[in-house]
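The next block holds one structure in the form of structure tokens; read it before the comments.
Throughout, read-outs are computed from the coordinates displayed, never taken from laboratory work. All values derive from a computational prediction rather than experimental measurement. Every residue, glycine among them, receives a Cβ derived from its backbone with ideal geometry; neighbour counts consider all protein chains shown.
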Amino acid sequence: MVGSESNGNKLTLLSWALFFYPRGASVYMLKFFSKISSRESANLIGEFLDDQELVQWSIEKDCLRDEYFLCGYISDEQTGNEDFAEIKSAFSDLGNAEIATINSSDWEEVYRKSAKLWKCEDLYWVPTFLKDEVEIPEEGTGIYIEPGMAFGSGSHETSQLCARALVMFKSLYKKTNDLMIKSCIDIGCGSGILGISALKLGLSHATFIDIDADAIRISQENALANGLFLDQMDFVTGDVRVGLLGRHADLLVANILSNVLVENADLLVNSVKPGGLLCVSGILKDEKFDVASEFTKFIKKRWTSVVESSMDDREWSLLAYFRG
């Protein structure tokens, strides 16, 4: 089974679970699934899942049989039954839900196949299993990603907000051709999708930082698979403080948890070069004001001038600070 037909939040629980659980751990979850009668019904149910923010549920398609299924990945049976009852009350033609136990290796395969093509202006993020099916326009930039067990397939709103910030940074320096002398730091790099995108858009160097050694390995593999060279990149396994030790960049992208951003706000602000852009994401909308207040406090101490902006996508936010 591959893909969600309409649920924009598909497999969010899976992606965060893969991010937080130790690699190699034997982790189990329940999969609830129920066959859907038609594609039309699948689309309607997918819209309902979005509207009700049932992010643990998605629509999956069996391409061989052209059949659609409602699927939920839930940690306990009671929650799964309650969720399914809510969905079934709105769609009475659904049959009963079957339940299966899946382990972490199954999660990886489901997560990998949940990735899909995403486009921002002339930047295209393409899962590797779709590489032969997607034609990138001559003026476009294609990034091919195999997420593996790393968080960062490009399907999450926080990653897409960061991509929009990358494109914004490119537009700042496109006319002067200064991109070729600009550097990027990607903190919480996951699959490396943001740092790789920065290099493919024209920046000269990228540093990939993550606390997970598997993420660093996958980032390097993805970078090389996209035709990049090792002398364009540094890879650091460690937290924010270890990764940023002695490093500064023109573009610093940190797509991590809000509390980690706040704890390291001063260091993040101080690691951006004059004329550079700081982008912080992984922030829930209702946390945005508090996070922004913390960064503004240090920016006033460190920078002589700043242009601030923010972007939202569903319940997520990105804060961007251009250092004058």
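Obtain the nm distance between the two label points defined at Lys131 and Asn177 by a simple spin-label model: each point lies 7 Å from its Cα along the Cα-to-C-beta direction.
3.2 nm
Go through 47-57, 160-170 and give me the packing order, highest mean Cβ count within 10 Å leading.
160-170, 47-57
Sorted from fewest to most neighbouring beta carbons within 10 Å, what does the list His156, His205 look like?
Least crowded to most crowded, the residues run His205, His156.
Between Phe298 and Thr101, what length in nm is gained on full extension when 0.36 nm per residue of separation is reduced by their alpha carbon distance?
Between Phe298 and Thr101, full extension yields an extra 66.1 nm.
Kindly rank 273-279, 243-249 from highest to lowest mean number of other beta carbons found within 10 Å of each residue.
Ranking, from highest mean packing down: 273-279, 243-249.
For the pairs Lys119/Lys300; Lys174/Lys273; Lys31/Lys88, flag any whose C-alpha to C-alpha distance is greater than 28 Å.
Lys119/Lys300
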